[in-house]
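The values are calculated or read from the model by the stated rules, or taken from the named source; none is laboratory data. Values in this document were obtained by computation on a predicted structure and should not be read as measured data. Positions of Cβ are generated from backbone atoms using ideal geometry, with glycine treated the same way; all protein chains shown enter the neighbour counts.
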Amino acid sequence: MSLKDKKIKTEKSSELAVKCEGITKTFSTGDSEVMALRGTDLDVRKGELLLLAGPSGCGKTTLISIISGILKNDKGFCAVFGQDVTHMKEEELALFRAKQIGFVFQQFNLIPTLTAAENVSIPLIINGMDRKHATIEAGNVLEHVGLADKKSSYPLQLSGGQQQRVAIARAIVHRPKLVVCDEPTSALDGTNGHRVMTLLKSLVGGTDNAMIVVTHDSRVFEFGDRIAEMEDGVILRVGPYRKDIHGH
């Protein structure tokens, strides 16, 4: 490789928030094995909202769990903002995840015995902030997502859309570089789904962060800067949203 080629490659890598190469993952279930990822490649650019789309069971959640450091891959390489998450030790990975990654789970994973503000404050407390200041900061972020009047409410007192916004607030409260959302509109009607995606879109931009949104909801495709289409454990294609192809 020439010096010019090396420079071009370096410049391209510097523009990436996430780079996955040849990621494989197999799950053992009893006597059988299921290969969820089959040498998956994926690049996510800095400043973009990338939609990861595909049918249920195609490997989307497995892939984002590896990118987020929740799961370990079998083979391949994944870097998040230049940090190799696939070869980090568990303690390093836990620290990196706590500081740099926000995750919005499909089932929200809110703690029912904690208020909205207390739920949102958890990442800050994990990162060493005292409980009082963490709760104040959590309240500020809840205001940002339109829940100023729900800070003291418990999850069961909130609607599905409100719980989703609490989960988003918890994912962004510590200002992570990468936010990953797993099916954020699956339990929402069209109006609330549009509101959630508008909120998510407003949180990403510039070169300091990026967002991956897993979805099979074609109603929200227009919010993605690009769409990565996945099937049977591999990325088939990545490109901009096109109404004539993706519909709606």
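Data for the structure
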read-out: Scan of region 166-196 for residues that are surrounded by 23 or more Cβ atoms within 10 Å (Cβ to Cβ), at pLDDT below 90 and part of a helix (DSSP H, G or I), ordered by number; value: V196
read-out: Any chance R226 is at pLDDT 95 or above, surrounded by fewer than 22 Cβ atoms within 10 Å (Cβ to Cβ) and under 15 Å from the mean Cα position of the chain (by Cα); value: yes
read-out: Options G69, G76, G82, G102: the member that is under 19 Å from P184 (Cβ atoms) and small (G, A, S); value: G102
read-out: Residue match in region 227-245 (condition: in a helix (DSSP H, G or I), within 24 Å of T61 (Cα to Cα) and not small (G, A, S)); value: yes
read-out: Positions within region 65-84 being buried (at least 22 other Cβ atoms within 10 Å of the Cβ) and in contact with an Asp or Glu (Cβ under 9 Å, 6 or more places away or on another chain), in sequence order; value: C78
read-out: So N119, is it modelled with pLDDT under 95 and either part of a helix (DSSP H, G or I) or in contact with a Gly (Cβ under 8 Å, 6 or more places away or on another chain) (or both); value: no
read-out: Selected residue (criterion: farthest from the chain's Cα centre (by Cα)) from residues of region 133-150 that are of a type in the set (A, V, I, L, M, F, W, C) and either on the phi > 0 side of the Ramachandran plot or not in a helix (DSSP H, G or I) (or both); value: L147
read-out: Set A169, A187: member being within 23 Å of T62 (Cβ to Cβ) and either touching a Phe, Trp or Tyr at 6+ places or on another chain (Cβ under 8 Å) or hydrophobic (A, V, I, L, M, F, W, C) (or both); value: A187
read-out: Conditions (1) free of Cβ contacts under 8 Å to residues at least 60 places away in the same chain; (2) part of a helix (DSSP H, G or I); (3) β-branched (V, I, T): number failed by V220; value: (1)
read-out: Top-ranked residue of region 31-64 - restricted to ones that are of a type in the set (D, E) and part of a loop (DSSP other than H, G, I, E, B), ranked as nearest to I101 (Cα to Cα); value: E48
